[in-house]
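Working notes, beginning with the structure itself.
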Amino acid sequence: MNWRRKVNATLEGVTGYNLTRARRMIERPAPPAPPPAPTPPPPARAPGDQVRPPADPKIDRLLEAPVFVMSPVRSGSTLLRVMLNSHSQIHAPIEMHVRRLTVTLTTDPVVQAMEALGHTNSDIEHILWDRMLHRELVKSGKRILVDKTPSNVFAWKRIATCWPDARFIFLIRHPMSIAVSWHDADPEKRPMSEAVPHTYQYMKYLQEARTALDGVTVRYEDLTTDPAAVTRQICDHLGVAWEPEMLDYGRHDHGEFVKGIGDWRDKIKTGTVQPGRPLPQPDEVAEELREMCRLWGY
């Protein structure tokens, strides 16, 4: 027995402490830390929450008569946006997606405070939405705000409730052209088998909005073949004088064309209005879209 073993044996016999075992314990890697506890979900909204118009529009809303372009995806809404944004009095920013901005009241005291002030959760979200859009308008130095986020069609009732003085532009396109354009934007990830049901959802809610709300309807095909006439029609609807600069949108700064907040493909980057694709033949139209074609006059 060498000296190290003798020391260990003597120490362990007297104290029960083994030096070698202790050293190994010290040198052993520490066990991994346990995973953090899952983040609790945000509290559910209060049962009394309701979507309702502003209690006092003069103090609850900064934005006056905002304009919303209601349209499906791949229907030319970015083209219309940049043409409107080229007007000296109209600010049409990137897709803002404000309906996705939510407010969570995280504690009972804050819920109690908001209730005491007369605010529901939705009331507070509406104030946030209004503030974000108003901020963009003030930054631009213009006087009319246009938001063209296509997914707004799914929230048309709430948008109309949030801004009782809102104005609407309904942008339509041949339903089959919409589906094909959505597929062509990313063929590998967007097969035609998904294109028709996906885009149809936008069309369905847009048609509901057109039926329920006042507004002006314009066709993408007309916008590309006679942009002057269509933009004049829109300017008349908005109560502003038409400006020829709207037709040459490439001379103005509209921000980057980035996927997720608008069209990003080469055609929109040309800076000029490009011809649309030829209309499909009747036998090329998917069965699911034929009734929408009839409703929209195609």
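The values are calculated or read from the model by the stated rules, or taken from the named source; none is laboratory data. On a predicted model such as this, the values are computed, not experimentally measured, just so you know. Ideal geometry is used to build each Cβ from the backbone, glycine not excepted, and the neighbour counts take in all protein chains shown.
Can you go through ARG277, ARG265 and tell me which one is surrounded by 10 or more Cβ atoms within 10 Å (Cβ to Cβ), within 13 Å of LEU79 (Cβ to Cβ) and touching a helix residue (DSSP H, G or I) at 6+ places or on another chain (Cβ under 8 Å)?
Working: ARG277 fails: within 13 Å of LEU79 (Cβ to Cβ).
Only one candidate qualifies: ARG265.
Inspect region 173-191 for any residue being at negative phi, in contact with a strand residue (DSSP E or B) (Cβ under 6 Å, 6 or more places away or on another chain) and assigned by TED's automatic domain parsing to the domain that holds GLN281 and give the result as yes or no. Let's see the steps before the verdict.
First, the residues of region 173-191 that are at negative phi: 173-191.
Among the residues that remain, those that are also in contact with a strand residue (DSSP E or B) (Cβ under 6 Å, 6 or more places away or on another chain) are: none.
Checked against the condition, which is being at negative phi, in contact with a strand residue (DSSP E or B) (Cβ under 6 Å, 6 or more places away or on another chain) and assigned by TED's automatic domain parsing to the domain that holds GLN281, region 173-191 yields no hits at all.
Among the residues of region 203-214, is any more than 20 Å from ASN152 (Cα to Cα), in the same structural domain as PHE168 (by TED's automatic domain parsing) and either touching a strand residue (DSSP E or B) at 6+ places or on another chain (Cβ under 8 Å) or surrounded by 15 or more Cβ atoms within 10 Å (Cβ to Cβ) (or both)?
The initial filter retains those residues of region 203-214 that are more than 20 Å from ASN152 (Cα to Cα), namely none.
No, because not a single residue in region 203-214 is more than 20 Å from ASN152 (Cα to Cα), in the same structural domain as PHE168 (by TED's automatic domain parsing) and either touching a strand residue (DSSP E or B) at 6+ places or on another chain (Cβ under 8 Å) or surrounded by 15 or more Cβ atoms within 10 Å (Cβ to Cβ) (or both).
Would you confirm whether any residue within region 82-105 is in a helix (DSSP H, G or I) and under 19 Å from ASP165 (Cα atoms)? Before you say what the answer is, go through the steps one by one.
The first filter runs over region 82-105 and keeps only residues in a helix (DSSP H, G or I), leaving 82-85, 98-100.
Pick out the ones that are also under 19 Å from ASP165 (Cα atoms) and you get 98-99.
Yes - at least one qualifying residue is present in region 82-105.
Under 6 Å between Cβ atoms, at least 6 apart or on separate chains: pull out the pairs that start in region 243-257 with a residue that is within 14 Å of ILE94 (Cα to Cα) and end on any residue that is at pLDDT below 95 and assigned to a loop (DSSP other than H, G, I, E, B).
Pairs that qualify, where the first residue is within 14 Å of ILE94 (Cα to Cα) and the partner is at pLDDT below 95 and assigned to a loop (DSSP other than H, G, I, E, B), are GLY255/ILE94; PHE257/TRP264.
Considering ILE268, ILE261, which residue is in contact with a Leu (Cβ under 7 Å, 6 or more places away or on another chain) and in the same structural domain as GLU95 (by TED's automatic domain parsing)? Give the derivation first.
Working: ILE261 fails: in contact with a Leu (Cβ under 7 Å, 6 or more places away or on another chain).
Sole residue among the options that is in contact with a Leu (Cβ under 7 Å, 6 or more places away or on another chain) and in the same structural domain as GLU95 (by TED's automatic domain parsing): ILE268.
Give all pairs with beta carbons closer than 7 Å in which a residue from region 54-67 that is closer than 15 Å to ARG167 by Cα meets a residue that is exposed (fewer than 13 other Cβ atoms within 10 Å of the Cβ) and of a type in the set (Asp, Glu); count only pairs at least 6 apart in sequence or on separate chains.
GLU64/ASP165; ALA65/ASP165
How do the pairs read when you match residues in region 93-114 that are more than 30 Å from MET70 (Cα to Cα) with residues anywhere that are surrounded by 12 or more Cβ atoms within 10 Å (Cβ to Cβ) and of a type in the set (Gly, Ala, Ser), using Cβ under 8 Å and keeping only pairs 6 or more apart or on different chains?
Here the result reads LEU105/ALA46; VAL111/ALA46, each pair linking region 93-114 to a residue that is surrounded by 12 or more Cβ atoms within 10 Å (Cβ to Cβ) and of a type in the set (Gly, Ala, Ser).
If only one of GLY250, GLY255, GLY276, GLY262 is outside any loop (DSSP other than H, G, I, E, B), modelled with pLDDT under 95 and within 26 Å of the chain's Cα centre (by Cα), which one is it? Talk me through it step by step, then tell me what you get.
On the way: GLY255 fails: outside any loop (DSSP other than H, G, I, E, B); GLY276 fails: outside any loop (DSSP other than H, G, I, E, B); GLY262 fails: outside any loop (DSSP other than H, G, I, E, B).
Step by step, each of GLY250, GLY255, GLY276, GLY262 is checked, and only GLY250 is outside any loop (DSSP other than H, G, I, E, B), modelled with pLDDT under 95 and within 26 Å of the chain's Cα centre (by Cα).
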